[in-house]
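Read the figures in this text as sums done on the coordinates, not as results from a lab. Keep in mind it's a predicted model, so treat the numbers as computed, not measured. For neighbour counting, all protein chains shown are included, and Cβ atoms are generated from backbone atoms with ideal geometry for every residue, glycine included.
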Amino acid sequence: MSRIVILSGSPSAQSGTDKVLRYAGGILQGNGVEVSFHSVRDFAAETLVNADFKDTRIGELVADIEAADGVIVGSPVYKASYTGVLKAVLDLLPENILKNKVVLPIMSGGSSGHVLAIDFALKPLLGVLKGEVLQGVYVVDAQVDKAAVVPIRDVELEQRLRGQLTELVVAVGRREVGQII
């Protein structure tokens, strides 16, 4: 069984980004994938500000990612980039933490004007951590209903999300077969 770790970079407890990430996790679980969810809110501010690499929660995240086959990293767009708190968490992870991992970036923002944040901000960061980064999905906030069980309001977005999740699972499967041979 494949294992996927989802990391949310949203500092908001009522986040549309979290809602989409949890929905994506549910789709994966419904298809037999083991999913674990982490949020930047799981980490104490002192851990991040003091760059405490030995924090227990950071260690748990590292172990979870190391045991995973793939990772989904999501963030709202803040000032044309990922959140600072997501960067603070990623800065505490080992340099090659995403090596041999397929990574799906997901970002959300108030308008489509920030769609390039995936390509110019999040993807390069995930690449530095040595991940095999997929195309990714950008979500406009108006396409998400935070109160609904199925939060995606837009049919095209739903298709893109499911397409990228399929690509993630297929890429993970290729890696698993490649490791056996």
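Tabulated data for the structure shown
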quantity	calculated
Kyte-Doolittle mean at least -0.5 and Cα axial length at least 24 Å: DSSP H helices in the chain	155-180
Reachable lysines, given that their alpha-carbon falls under 28 Å from the alpha-carbon of Lys54 and they are not under 8 places away in the same chain	Lys87, Lys99, Lys101, Lys123, Lys130
Label corresponding to percent of Cα pairs over 31 Å apart when calculated from the structure given, among [x] 10; [y] 29; [z] 5	[x]
Derived scalar couplings ³J(HN,Hα) [the range 147-154; Karplus, 6.51 cos²θ - 1.76 cosθ + 1.60; whole Hz; x for Gly, Pro]	8, 8, 5, 9, x, 7, 8, 9
Packing-based order for 111-118, 155-162, 100-107, using average beta carbon neighbours within 10 Å, highest first	100-107, 111-118, 155-162
Helical mean residue ellipticity (222 nm; -39500 (n - 2.57) per DSSP H run of 4+; nearest 500) of the chain	-12500 deg cm²/dmol
Net charge over other residues, Cβ less than 15 angstrom from the Cβ of Ala45 (K, R count +1; D, E count -1)	-2
Inter-part distance where the range 5-43 and the range 128-166 are each reduced to a Cα centre, Å	12 Å
